[in-house]
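Each remark here refers to the structure printed beneath this line.
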Amino acid sequence: MNPRVLIADDEDSLRWVLEKGLRQAGYDVTSVKDGPGAIQAFEAEPFDIVLLDVRMPGVDGLAVLARLREVRPDATVVVMTAHGTMDTAIQAMQRGAYDYLAKPFDLDEVVLLAERALAARRLTQEVRQLKSGLQEVWEFGALIGRHPRMQEVYKTIGRIASSDVTVLLRGESGTGKELVARAIHHYSRRAGRPFVAVSCAAIPATLLESEMFGHERGAFTDAKERRLGRLELAHGGTLYLDEIGDMPVELQTKVLRVLQERTLERVGGTDAIRIDVRVLAATNRDLDALMKEGRFREDLYYRLNVVTVHLPPLRERRRDIPLLVEHFLAKHAGELGERGVAPEALDRLVGHDWPGNVRELENVIQRAMVMATSGVILPEHLPIGPVSAAASMAADATLEEIIEQKLTECVRGLREHASATLYDLMLGLVEKPLLRAVLRETGGNQVRAAQILGINRNTLRKKLIEHGIDPGGLEG
């Protein structure tokens, strides 16, 4: 998108020259002739740069500058002033203007200054992003997981991030839907633009329309001044509609219109305001059931459901729990101190069903870190009850993970032993059931069993004798 410039000056000829020159340089330009017009335009739409004349009728330029900085503290404002009013220009700089232009000036000088202002703005945004980078790392860290379903989520983020396709995120509460939405925004071309989240369930229905669309002054009793809605604030960036299934039907109609026409009207307004936003929506509700009940519009559903991402509940990817535990221990170590987790406590964490999913797991880990003053989290530090051995084993666990867990149980308690024949013992424990399973599969046929095992028949015969296995007794 082209950078957007607002020009405010009462000289018609100067506005015309600036407008023409900046458009030729690749800028989108809006021009007004006085202070009130500048404030109105700036409140209505986001601009990258404002060229503001200090001396204008109606409202003094310094007052306009103060209002612009109040609306957006990071506003990039360049003041324009005649040579005789340098004191005013200095005051403007002290009040937050980026730079000033002394009249008369060259058009090339304006374009060059605009480029420098844009570069400075980008640098400021990069610094701000770097400062929040650690927080983003911790946030996206909660998306870790080796489970195939999580791997599919990562792949989908990679496929869709660069496009503007609308995405519907589905999953239980606490599975990380907003984290996925933020990751999609982070890796998209809109990454330097706003990410604006709206919870359709947390905001009362009577206020949600104004929150979404904004309102004009006097639109209702408490509307004492114009207010931009979340849709406008997300211009150029991403709008995340959380719990879209809880949005009132009458508001769904208006949201559908925005998605189709890319324009909106503020509450109490009549002007169509153009917006450019990417919409990501999320829900833990059954939208199909809501549509049958007439509580969710089918046309909005199809508009949102271009790409669907399903996030699995934590109980269906238990193998990722140890990874998440490590992540949360590291995340909160600076505040609560370094902690370890006893194997018995980890078993309890893996076996819990986690109705609150990853969000609940993080809360439990934080609480346990506070309680574990000795530095090791024990089962008694967890606000969850014991689980059976079967429950602690992930339903989706791989053979390697099942074996590892069983071996961990066998190894437990051997730390104090100076030596043990553990290696040979474990090989024997694995080898014997393996031979029995293969012979059972081949009906006792040793030639076929040796082929499956990848060993010769003589080696197989020796191992059968060593383990006391009768091939004939395993037929069928």
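For this structure, a couple of remarks:
- Extreme residue, farthest from ARG318 (Cα to Cα), among residues of region 128-157 that are at pLDDT 85 or above and within 13 Å of the chain's Cα centre (by Cα): ILE157
- Some residue of region 17-24 being modelled with pLDDT under 90 and either surrounded by 20 or more Cβ atoms within 10 Å (Cβ to Cβ) or assigned to a helix (DSSP H, G or I) (or both): no
- For the residues GLU243, GLU225, GLU250, the requirement of being without any contact (Cβ under 8 Å) to a residue 40 or more places away in the chain, closer than 22 Å to ASP288 by Cα and outside the structural domain of GLU70 (by TED's automatic domain parsing) singles out GLU250.
- Just one of the listed residues (ALA450, ALA437, ALA394) is under 28 Å from PHE328 (Cβ atoms) and modelled with pLDDT under 90, namely ALA394.
- Note on region 254-288: among residues that are more than 27 Å from the chain's Cα centre (by Cα) and loosely packed, with under 12 Cβ neighbours inside 10 Å, the one that is nearest to VAL306 (Cα to Cα) is ALA272.
- Qualifying positions in region 324-372 - among the β-branched types (Val, Ile, Thr) and more than 16 Å from SER173 (Cβ to Cβ): VAL325, VAL341, VAL350, ILE365, VAL370
- Among the residues making up region 186-234, those that are basic (Lys, Arg) and either assigned to a loop (DSSP other than H, G, I, E, B) or surrounded by fewer than 20 Cβ atoms within 10 Å (Cβ to Cβ) (or both) are ARG189, ARG190, ARG193, ARG217, LYS224, ARG226, ARG227.
- Yes/no for VAL350 being surrounded by 14 or more Cβ atoms within 10 Å (Cβ to Cβ), β-branched (Val, Ile, Thr), modelled with pLDDT of 90 or more and assigned to a helix (DSSP H, G or I): yes
The values are calculated or read from the model by the stated rules, or taken from the named source; none is laboratory data. Just so you know, these numbers come straight off a predicted model, no measurement behind them. When we count neighbours, we look across all protein chains shown, and the Cβ atoms used for this are built from the backbone with ideal geometry, even at glycine.
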